[in-house]
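Have a look at the structure below, then the notes.
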Amino acid sequence: MKERLIAAILGIIVLAGGVSFATAKLTRKSTEEKTDSGSVVYDRVIKSKKIRAAYLNYPPACMKDTKTGKMSGTFVETLEKAAENCKLEVEWTEEVGWGSQIEGLEADRYDIVGSPVWANPTRGTLTNMTIPLYYSGIGIYVRTDESRFNSDFSKLNDEGVRIGTIDGETGDLIARTQFPNAKRVSLPQTADISQLFLEVKSNKADALFAEPFFAQEFLKNNPNSVKNIASDNPIRVLGNCYMFRKNQAQFKHMLDTAIQDLLNSGYVDRLLDKYEPAKNTFYRVALPYRISK
């Protein structure tokens with residue numbers, strides 16, 4: 001009886017020791033993961049000398065020549081110049097949709113989304129973003145003969161109003177949060193933004209949210225078909241940023257420093273002058289200093 005009792009006590013001690021060891025091992029692993037999480041992308045990029053960039057075709061910021069495969073645009077050329085200045089290169093890996101960008105980052109298929117992403121609270125919660133290259137004033141586009149919302153945008157928040165959206169795109173977020181009573185006429189995330197304008201023109205939707213560049217392109221072939229009722233007071237002013245995985249502090253610091261250098265040198269402004277179809281289509285970033293007089 002005494003021997004069985006001693007054996008049982010020894011078994012409990014061994015079991016407790018094993019649990020404590022396992023717990024300590026898991027705790028140590030968790031601590032190491034937390035310590036390393038802020039540099040995993042940075043460390044890989046520095047080791048490989050490459051930034052793996054996904055993209056979404058979004059003129060004039062990100063465009064791919066279908067014949068040559070060459071990438072160009074304000075965001076493409078800024079990222080490639082920033083990488084060059086950091087003694088790195090950009091590898092353009094895959095085209096992604098609006099709704100799958102974050103999923104691809106979390107799955108580690110690429111290091112960054114190299115086309116513009118508008119900074120909004122949802123993306124700010126789930127990802128990291130760089131400082132903006134420039135800002136976009138988001139307009140409200142309706143048919144030219146539409147007058148219901150001209151003096152009061154809140155009238156869009158009505159169950160009888162149809163707002164055209166693309167799944168996962170910022171216009172969809174604006175519709176859901178600011179005009180929840182309106183009906184959303186949703187297009188898949190792979191749809192081209194010009195399709196939203198067609199939805200409004202053909203009376204399948206009453207309004208859409210977009211930046212002026214795409215309206216200007218649409219109006220070239222569809223004159224007098226839509227108008228911006230928020231030209232003097234955009235529904236949103238959003239920063240155009242690069243997006244990457246959250247908790248990557250050193251990677252963000254490297255990119256922000258390189259981008260700020262290109263902003264201060266006038267490089268980004270010159271790219272905007274090159275690609276902007278009309279003055280003030282995009283809002284420039286103000287310089288972060290002033291000169292005493």
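No lab work stands behind these numbers, since they all come straight from the coordinates. Only a predicted model underlies this, so the values are computations on that prediction, with no experimental measurement involved. Cβ sites come from the backbone with ideal geometry, for glycine too, and all protein chains shown count toward neighbours.
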Highest mean packing first, using Cβ neighbours within 10 angstrom, the peptides 197-210, 274-287 sort as 197-210, 274-287
Residues of the stretch 212-253 with backbone N under 14 Å of the label point set 7 Å from the Cα of N85 along Cα→Cβ are 253
Yeah, the stretch 136-237 with a ≥ b ≥ c from its alpha-carbon gyration tensor (a/c under 1.5 is rounded, else prolate when a/b outruns b/c, oblate otherwise) is rounded
With 0.36 nm assigned to each residue of separation and the Cα-Cα distance removed, S194 to N157 gains 11.0 nm
Residues of the stretch 238-260 with backbone N under 17 Å of the label point set 7 Å from the Cα of T125 along Cα→Cβ are 246-247
Percent antiparallel among DSSP beta bridges confined to the chain, rounded to 5, stands at 60 percent
For W92, the residues 5 or more places away or on another chain with a placed amide H closer than 5 Å to its own amide H are A53
Which of [x] 46, 27, 17; [y] 29, 22, 19; [z] 32, 22, 17 gives semi-axes √(5λ) of the Cα gyration tensor in Å as computed here? It is [x]
Residue separation between D65 and D167 times 0.36 nm, minus their alpha-carbon distance, gives in nm 34.2 nm
Here, K274 and D261, labelled 7 Å along Cα→Cβ, have an inter-label distance in nm of 1.8 nm
Each label sits 7 Å from Cα toward the beta-carbon; between S72 and D108 the label points are separated, in nm, by 3.7 nm
The stretch 100-114 and the stretch 162-194 have their Cα centres apart by a whole-number Å value of 22 Å
Between the Cα axis of helix 74-85 and the main Cα principal axis of the chain, the angle (0 to 90°, nearest 10) is 40 degrees
Here the stretch 100-114 yields Karplus 3J(HN,Hα) values (6.51, -1.76, 1.60; θ = phi - 60°; whole Hz; Gly and Pro given as x) of 9, 4, 5, 4, x, 5, 5, 7, 6, 7, 7, 8, 7, 8, x
Two pseudo-spin positions, 7 Å from Cα along C-beta at S202 and at R44, lie apart in nanometres by 4.2 nm
Ranked on Cβ counts within 10 Å of their own Cβ, fewest leading, R123, R176 go R176, R123
